[in-house]
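First the structure, in the form of structure tokens, and then the observations on it.
The values are calculated or read from the model by the stated rules, or taken from the named source; none is laboratory data. What you see is a predicted model; the values in this text were computed from it and never measured. As a convention, Cβ positions derive from the backbone with ideal geometry for all residues, glycine included, and neighbour counts pool all protein chains shown. With ligands, DNA and RNA removed, areas are computed over all heavy atoms of the protein, side chains included. Shrake-Rupley method; radii C 1.70, N 1.55, O 1.52, S 1.80 Å.
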Amino acid sequence: MTDPAITQSRSAFSLACRVEANVRAPAERIWAVLTDAKSFPRWNSTVASIEGEIREGAKLRVHVPGTDRVFAPTISGVVPNEPMTWTCGFDPIFKGVRTFELRPRRDGSTDFTMAERFSGLMLPLVKRSFPDFGPVFTQYANDLKREAEKR
């Protein structure tokens with residue numbers, strides 16, 4: 001895997017997007033990038049700023065560039081250098097779950113996966129206002145690759 005690979009699916013009450021990319025860096029370095037909230041806007045063009053710390057149980061405020069949108073996910077399932085989950089909303093009304101996963105390879109590189117799934121009874125009413133996540137996720141993965149590989 002060299003270029004990010006995107007997978008998307010849609011149904012009446014579910015919307016999902018997944019990006020996978022191989023990063024020529026160890027999982028520890030990628031994890032350091034992914035969990036440094038203050039540095040996100042410097043390397044990640046899909047995030048204007050993050051308020052809070054990226055750690056188990058923390059609540060963040062993630063600001064999207066060029067909009068007034070602010071997402072407030074709660075961090076869970078944190079296993080350093082492996083997975084973590086960011087969750088917004090609540091079932092059954094509306095919920096967004098973003099997962100991050102790092103899988104080290106024998107050649108010293110790491111497979112990075114980020115997936116997001118939106119679901120709930122409100123989704124049919126709001127999903128038309130959502131962007132196409134494919135290009136956004138591709139940009140996120142490319143930004144992460146560039147930052148982790150240059151360190």
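Is there a residue being touching a His at 6+ places or on another chain (Cβ under 8 Å), over 19 Å from GLU101 (Cα atoms), of a type in the set (A, V, I, L, M) and at pLDDT 95 or above anywhere in segment 51-69? Among the residues of segment 51-69, not one is touching a His at 6+ places or on another chain (Cβ under 8 Å), over 19 Å from GLU101 (Cα atoms), of a type in the set (A, V, I, L, M) and at pLDDT 95 or above, which makes the answer no.
So if I check each of ALA16, ALA27, which one is of a type in the set (A, V, I, L, M) and within 20 Å of SER119 (Cβ to Cβ)?
Numbers: ALA27 fails: within 20 Å of SER119 (Cβ to Cβ).
Exactly one residue qualifies, and that residue is ALA16.
The set of residues in segment 84-104 being farther than 12 Å from ILE30 by Cβ and not hydrophobic (A, V, I, L, M, F, W, C) consists of THR85, THR87, GLY89, ASP91, PRO92, LYS95, GLY96, ARG98, THR99.
Contact map, segment 131-151: first residue over 15 Å from MET114 (Cβ atoms), second residue polar (S, T, N, Q) and at pLDDT 95 or above, Cβ cut-off under 9 Å, separation 6 or more or different chains; pairs are ASP132/GLN8. Here ARG117 fulfils each of the conditions (1) surrounded by 15 or more Cβ atoms within 10 Å (Cβ to Cβ); (2) touching a Phe, Trp or Tyr at 6+ places or on another chain (Cβ under 9 Å); (3) among the basic types (Lys, Arg) apart from (2).
Conditions tested, residue by residue: (1) farther than 26 Å from ALA5 by Cβ; (2) surrounded by 17 or more Cβ atoms within 10 Å (Cβ to Cβ); (3) without any contact (Cβ under 8 Å) to a residue 12 or more places away in the chain.
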| site | (1), (2), (3) |
| --- | --- |
| TRP31 | no, yes, no |
| SER45 | no, no, no |
| ALA58 | yes, no, no |
| VAL70 | yes, no, yes |
| VAL97 | no, yes, no |
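The single condition among (1) within 16 Å of ALA16 (Cβ to Cβ); (2) in contact with a Pro (Cβ under 8 Å, 6 or more places away or on another chain); (3) basic (Lys, Arg) that LYS95 does not meet is (2). Annotation note: Cβ proximity below 9 Å between a residue of segment 105-123 that is free of Cβ contacts under 8 Å to residues at least 12 places away in the same chain and a residue that is open to solvent by 20 Å² or more (accessible area, probe 1.4 Å) and part of a loop (DSSP other than H, G, I, E, B) (sequence gap 6+ or interchain) occurs for ASP107/ARG24.
Among the residues of segment 33-43, how many are surrounded by fewer than 16 Cβ atoms within 10 Å (Cβ to Cβ) and under 14 Å from LEU144 (Cβ atoms)?
The first filter runs over segment 33-43 and keeps only residues surrounded by fewer than 16 Cβ atoms within 10 Å (Cβ to Cβ), leaving 36, 38-39, 41-42.
Pick out the ones that are also under 14 Å from LEU144 (Cβ atoms) and you get 36, 39, 41-42.
Here the count works out to 4.
Residue check: is ARG24 modelled with pLDDT of 95 or more, open to solvent by 20 Å² or more (accessible area, probe 1.4 Å), over 15 Å from ARG98 (Cα atoms) and touching a Gly at 6+ places or on another chain (Cβ under 8 Å)? Yes: the conditions hold for ARG24.
Residues of segment 128-148 that are exposed (fewer than 15 other Cβ atoms within 10 Å of the Cβ), charged (D, E, K, R) and either in contact with a strand residue (DSSP E or B) (Cβ under 9 Å, 6 or more places away or on another chain) or not in a helix (DSSP H, G or I) (or both): ASP132 alone.
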